[in-house]
1. Is it true that ALA170 is surrounded by fewer than 18 Cβ atoms within 10 Å (Cβ to Cβ), of a type in the set (A, V, I, L, M, F, W, C) and not in a helix (DSSP H, G or I)?
2. If we keep just the residues of region 7-36 that are over 14 Å from the mean Cα position of the chain (by Cα) and acidic (Asp, Glu), which is surrounded by the fewest Cβ atoms within 10 Å (Cβ to Cβ)?
3. In region 130-159, what residues are assigned to a helix (DSSP H, G or I) and within 18 Å of the chain's Cα centre (by Cα)?
4. Which members of region 97-110 meet the condition of being outside any helix (DSSP H, G or I) and farther than 12 Å from ILE144 by Cβ?
5. Cβ-Cβ under 7 Å, sequence separation 6+ or interchain: first residue in region 90-119 and at negative phi and charged (D, E, K, R), partner modelled with pLDDT under 95 and buried (at least 20 other Cβ atoms within 10 Å of the Cβ). Which pairs?
Amino acid sequence: MIIVITRPDFFDGEADCIIALLRSGRADLVHIRKPQASREEVMRLLISLPGDIYDRLVLHDQHQLAVACHLHGIHLNHRNPQPPAGWTGAVSISCHSFQELAECRQQPFAYMSLSPIFDSISKQGYRSAFTRQQIAEARAKGLIDERVMALGGVTFDRIDEVKEMGFGGAMILGDAWR
């Protein structure tokens, strides 16, 4: 699975880029991550997208819009640690350690991300937190499998490498918007 995460800011042509990523097959899902955005701003972006791709969109914030628009999923974070009332779609979460990943695996998350796998492209100084050996050991213990997505420094060119490491896919941010 290939998941692209939007930039935190809005930009001209963003809706067209999201549509192109999904329709071209470069992404299976797009996570709309706009941590500073108002409900109205996120809704404006959603309205600018065709309804036939809503089942491939995930919101990091303004989760109530995922309910109202029947989107694919929501992503939990420190700003939004619980699904909204009435939510029945996919739920994902980010993990930053093997311990956190082990705890999250006990929950019914559709998928989890583990980061940073490589040095980040979009966050200066955010370095890989895991060695290849640690990742291999975590995979052998069953911590890394098809439900775990690699995040952090992942590029489209590294997707095969990520799959060889045992991840179920990749979440891409910086490389998608360069």
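The values are calculated or read from the model by the stated rules, or taken from the named source; none is laboratory data. Keep in mind that this is a model prediction, so the values were computed, not measured. Every residue, glycine among them, receives a Cβ derived from its backbone with ideal geometry; neighbour counts consider all protein chains shown.
1. No.
2. This residue is ASP12.
3. PHE156, ASP157, ARG158, ILE159
4. SER97, GLN106, GLN107, PRO108, PHE109, ALA110, listed by residue number.
5. Pairs found: ASP119/GLY153.
Listed here are the residues, each with its yes/no results for (1) closer than 28 Å to GLN82 by Cβ; (2) out of contact with any strand residue (DSSP E or B) (no Cβ under 7 Å at 6 or more places or on another chain); (3) of a type outside the set (Asp, Glu).
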| position | (1), (2), (3) |
| --- | --- |
| HIS96 | yes, yes, yes |
| GLY125 | no, yes, yes |
| ALA129 | yes, yes, yes |
| ALA140 | no, yes, yes |
| LEU143 | yes, yes, yes |
| ARG147 | yes, no, yes |
